[in-house]
Amino acid sequence: MIDEHLDRYREWFPEAHWKTVYSGGMIGIPVSERHGNSYDLAQMLNITAALESLTNYPGFQELLTGFRNPTQIAGTMFEVSVAGWCQGRAVTRGLELVPHVMVRNHSKRPDILWDTTLGRLYCECKSSHFFQQAVAKRAERFRDVADLEYKRHHSCPN
């Protein structure tokens, strides 16, 4: 992986924090003064390999900007993985990364426009964590309602 992808990795991730590799092959990305995220060098070389397969698609440079914002890195990595998966399907005719779309006079930026033999699909990439949070918040609201009801009836045993 290092022999095949390190030069492109250094080109696409030029900031010093991407080039500093700590013990165990970890790369630390500062998110704030006190917090940061870490990524494994092998993981980033795999992302670089996926990026290499996407270089000729419109919007590639726009996709790379997601790696400049520490809060968007994990989401951008997922988008790269999804785009790489789409690109490798037999039905794929082409991709556009981070396309500009007008919807009811509003500008939208979905993650991928996937042109297939079956039609064109706009893809918005979300990890399961996004959906799990929504379910957890809803369950918490149900619990709060049940707790209020319980407190109204003091005669119920704990």
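Quick note: the coordinates plus some simple rules give every number you see, no bench work behind them. Being a predicted model, the structure only gives us computed values, none of them experimental. Here Cβ is always computed from backbone atoms with ideal geometry, including for glycine, and neighbour counts include all displayed protein chains.
In terms of Cα to Cα distance under 12 Å, which aspartates and glutamates are near enough to LYS108, apart from those fewer than 8 places away along the same chain?
Candidates past the 8-residue exclusion: GLU124.
Report the Rg/Rh value for the stretch 49-158, based on alpha-carbon coordinates and the Kirkwood definition of Rh.
Expressed as Rg/Rh, it is 1.25.
In the Gaussian network model of the chain, springs joining C-alpha atoms below 10 Å, which of ASP40, ASP147, ASP111 carries the largest mean-square fluctuation?
Taking springs between Cα atoms under 10 Å, the residue moving most is ASP147.
With everything on Cα atoms, drop me the angle between helix 73-87 and the longest principal axis of the chain, reported from 0 to 90° to the nearest 10.
That helix lies at roughly 60 degrees to the long axis.
Percent relative contact order of the chain, based on C-alpha pairs within less than 8 angstrom and at least six residues apart?
Relative contact order, the chain: 13 percent.
Could you calculate, for the stretch 86-126, the ratio of the Cα radius of gyration to the Kirkwood radius, expressed as Rg to Rh?
1.01
Under a Cβ-Cβ cut-off of 15 Å, what is the net charge of the residues other than ARG68 that fall near it, where Lys and Arg count +1 and Asp and Glu count -1?
Value of the local net charge: -3.
Could you work out how much longer the chain between TYR122 and LYS19 gets when fully extended? Use 0.36 nm per residue separation minus the Cα distance between them, nm to one decimal.
Contour length minus Cα-Cα distance gives 33.7 nm.
Please determine, in degrees from 0 to 90 and to the nearest 10, the orientation of helix 128-152 with respect to the longest principal axis defined by the Cα atoms of the chain, where the helix direction is its Cα long axis.
That helix lies at roughly 10 degrees to the long axis.
Considering Cα pairs under 8 angstrom that are at least six residues apart, work out the relative contact order of the stretch 3-66 and quote it in whole percent.
Once normalised by length, the contact order is 25 percent.
What are the principal axis extents of the Cα atoms in the stretch 1-64, in Å, biggest first?
37, 26, 15
What angle do you read, to the nearest 10 degrees and between 0 and 90, between the alpha-carbon axis of helix 2-12 and the longest principal axis of the chain?
Its long axis makes an angle of about 80 degrees.
Select from MET77, CYS125, MET1 the residue farthest towards the positive end of the dipole of the chain; place +1 on Cβ of Lys and Arg, -1 on Cβ of Asp and Glu, and compute about the Cα centre.
Among MET77, CYS125, MET1, the one farthest towards the positive end of the dipole of the chain is CYS125.
Using Cα pairs closer than 8 Å and at least 6 residues apart in sequence, work out the relative contact order for the stretch 62-151, in percent.
So the answer I get is 20 percent.
What ranking do GLU62, GLU96, GLU140 get, fewest neighbouring Cβ atoms within 10 angstrom at the top?
Working: GLU62 14, GLU96 20, GLU140 10.
Starting with the residue having the fewest Cβ neighbours, the order is GLU140, GLU62, GLU96.
Could you list LYS137, LYS108 so that the one with the fewest beta carbons within 10 Å of its beta carbon is first and the one with the most is last?
In increasing order of surrounding Cβ atoms, one gets LYS137, LYS108.
At 222 nm, what value in deg cm²/dmol follows for the chain if DSSP H runs of at least 4 each add -39500 (n - 2.57) and the sum is divided by all its residues, to the nearest 500?
Numbers: 6 runs with 72 residues, N = 158.
Helix contribution divided over all residues of the chain: -14000 deg cm²/dmol.
Using label points projected 7 Å from each Cα along Cα→Cβ, tell me how many nm separate VAL145 and ASN56, to one decimal.
About 5.5 nm separates the two model spin labels.
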